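Step one of this worksheet: look at the structure below.
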Amino acid sequence: MGDQLALIRALPKAELHLHIEGTLEPELMFELARRNGVKLAFADVDELRRAYDFKDLQSFLDLYYAGADVLRTRADFDALASAYLARMAAENVRHVEIFFDPQTHTARGIALADVVEGLVDALSRAERDHGITWRLIPCILRHLDEADALGTLARLEPWLHRFTALGLDSSERGHPPSKFARVFARARSLGLKTVAHAGEEGPPAYITEAIDQLQVARIDHGVRCLEDPAVTRRLRDLGMPLTVCPLSNVRLRVFPTMARHNLGALLEAGLVVTVNSDDPAYFGGYLSENYQATAAALDLSDATIVALAANGFRASFLDPAAKQRHLGDIAAVARRLGVAIG
Ligand code: HPA
Ligand code: ZN
């Protein structure tokens, strides 16, 4: 629907679930490989793109970690984030909360200073030039052990003032949130909030663990909650936001097609659903495309699209005054485009 496209474009949006390493487009990957003398396993951009045919989360992660190997210098991390932020400015995205995976880089001997400062260089410029506000969230790789996670958290401490929360990502099955209870307790004692991927491929019990043992402020993905009515009720009663990533879920075969995605059912269950892009370079679309594909496949109303955009700001780590400002801007766009909201 042409009209919904205009609405999605015009709405101020927030992105809360975005892995910066997952914004590495094939063209930039080849450029950085050339610059840094890294040999890629693919002959060219087309061959690489043809490999973006994933059968599950792990088959994606294998390629995603291999691709991240081209990121070597502070300037590389700046270039990566700058490309993403330029797109966000063009899409009227006003606020981003960005994940990065410290262990993916420190394991290759890259200094955390180069990772963090390179990202902050790009984020500061985007804030100055485009008014995009931001938060940075380092994530623990859950397929690695607790000792590696604790060491990583200790190495992040010099940049604590740059971070808002600690996250948990990577291979979900067999790596429950409880494995990192002590790591996340330590993060909270340092003043960080916590978030965790749970209920993407893993069972609803992982969502419960993330709430009880990691004391998360949001659940990343969480779509499998509907398999357990008690977990769904708990999320609803807590007003716990879910950062849902529709194109990711279809590409990683959590759902067979977009028409079968449960985002509409999550909303009907009274949950605080937000729309996000996860790893847009790999999953075929950035934030607006996630809104568009979902709205089209699930026949979402204009008012629902507006509500999803508003949830993005409500569920963010912005302060209350900034949230109110963005919600006011959303209401103004809805009024201008004649969308009746509740
Ligand atoms: N799930 C888990 N880990 C990840 C993802 C994801 O969708 N993207 C990048 N790391
Ligand atoms: Zn993710």
Does residue 77 satisfy the criteria of being touching a Gly at 6+ places or on another chain (Cβ under 6 Å) and under 15 Å from residue 24 (Cβ atoms)? yes
Candidates 5, 48, 40 - the one that is in contact (Cβ under 8 Å) with a residue 40 or more places away in the chain and of a type in the set (A, V, I, L, M): 5
Would you mind stating whether residue 39 is within 16 Å of ligand 1 (Cβ to nearest atom) and basic (Lys, Arg)? no
Within region 133-172, which residues are out of contact with any Lys or Arg (no Cβ under 6 Å at 6 or more places or on another chain) and part of a loop (DSSP other than H, G, I, E, B)? 142, 143, 144, 145, 171, 172
Report the residue count in region 232-261 for those that are open to solvent by 10 Å² or more (accessible area, probe 1.4 Å), away from ligand 1 (no atom under 16 Å from the Cβ) and either in contact with a Leu (Cβ under 7 Å, 6 or more places away or on another chain) or free of Cβ contacts under 8 Å to residues at least 40 places away in the same chain (or both). 11
Filter result (touching a His at 6+ places or on another chain (Cβ under 8 Å) and either open to solvent by 40 Å² or more (accessible area, probe 1.4 Å) or at positive phi (or both)) within region 262-296: 278
When you scan region 183-191, do you find a residue that is assigned to a loop (DSSP other than H, G, I, E, B), within 17 Å of residue 237 (Cβ to Cβ) and away from ligand 2 (no atom under 16 Å from the Cβ), even just one? no
Would you pick out the residues in region 197-215 that are without any contact (Cβ under 8 Å) to a residue 40 or more places away in the chain, open to solvent by less than 10 Å² (accessible area, probe 1.4 Å) and touching a helix residue (DSSP H, G or I) at 6+ places or on another chain (Cβ under 6 Å)? 198, 199, 207
Any chance you could count how many residues in region 158-204 are of a type in the set (D, E, K, R), away from ligand 1 (no atom under 11 Å from the Cβ) and under 18 Å from residue 317 (Cβ atoms)? 3
Search result, residues across region 91-109 that are free of Cβ contacts under 8 Å to residues at least 40 places away in the same chain and either open to solvent by 10 Å² or more (accessible area, probe 1.4 Å) or within 15 Å of ligand 2 (Cβ to nearest atom) (or both): 107, 108, 109
Given the residues 119, 153, 136, 112, which is the only one that is in contact (Cβ under 8 Å) with a residue 60 or more places away in the chain and either in contact with a Leu (Cβ under 8 Å, 6 or more places away or on another chain) or closer than 19 Å to residue 316 by Cβ (or both)? 119
Quick one: is residue 254 in a loop (DSSP other than H, G, I, E, B) and of a type in the set (A, V, I, L, M, F, W, C)? yes
Name the residue that is farthest from ligand 2 (Cβ to nearest atom), counting only residues in region 121-176 that are basic (Lys, Arg) and more than 28 Å from residue 90 (Cα to Cα). 155
In region 75-90, anything aliphatic (A, V, I, L, M), open to solvent by less than 30 Å² (accessible area, probe 1.4 Å) and touching a residue at least 60 places away in the same chain (Cβ under 8 Å) is listed as 80, 81, 88
Residue 271 - would you say it is more than 16 Å from ligand 1 (Cβ to nearest atom), out of contact with any Pro (no Cβ under 7 Å at 6 or more places or on another chain), not in a helix (DSSP H, G or I) and not β-branched (Val, Ile, Thr)? yes
Residue 72 versus (1) under 19 Å from the mean Cα position of the chain (by Cα); (2) touching a residue at least 24 places away in the same chain (Cβ under 8 Å); (3) open to solvent by 70 Å² or more (accessible area, probe 1.4 Å): which is the lone unmet condition? (1)
Out of 312, 264, 328, sole residue that is modelled with pLDDT of 95 or more and within 17 Å of residue 219 (Cα to Cα): 312
Looking at this structure, is residue 77 closer than 22 Å to residue 159 by Cα and either small (Gly, Ala, Ser) or assigned to a helix (DSSP H, G or I) (or both)? yes
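The values are calculated or read from the model by the stated rules, or taken from the named source; none is laboratory data. Treat the numbers as computed from the prediction; the structure is a model and nothing was measured. Methodologically, a virtual Cβ is constructed for each residue, glycine included, from the backbone with ideal geometry; neighbour enumeration extends over all protein chains shown. Surface accessibility is based on the protein's heavy atoms, side chains included, excluding ligands, DNA and RNA. Shrake-Rupley method; radii C 1.70, N 1.55, O 1.52, S 1.80 Å.
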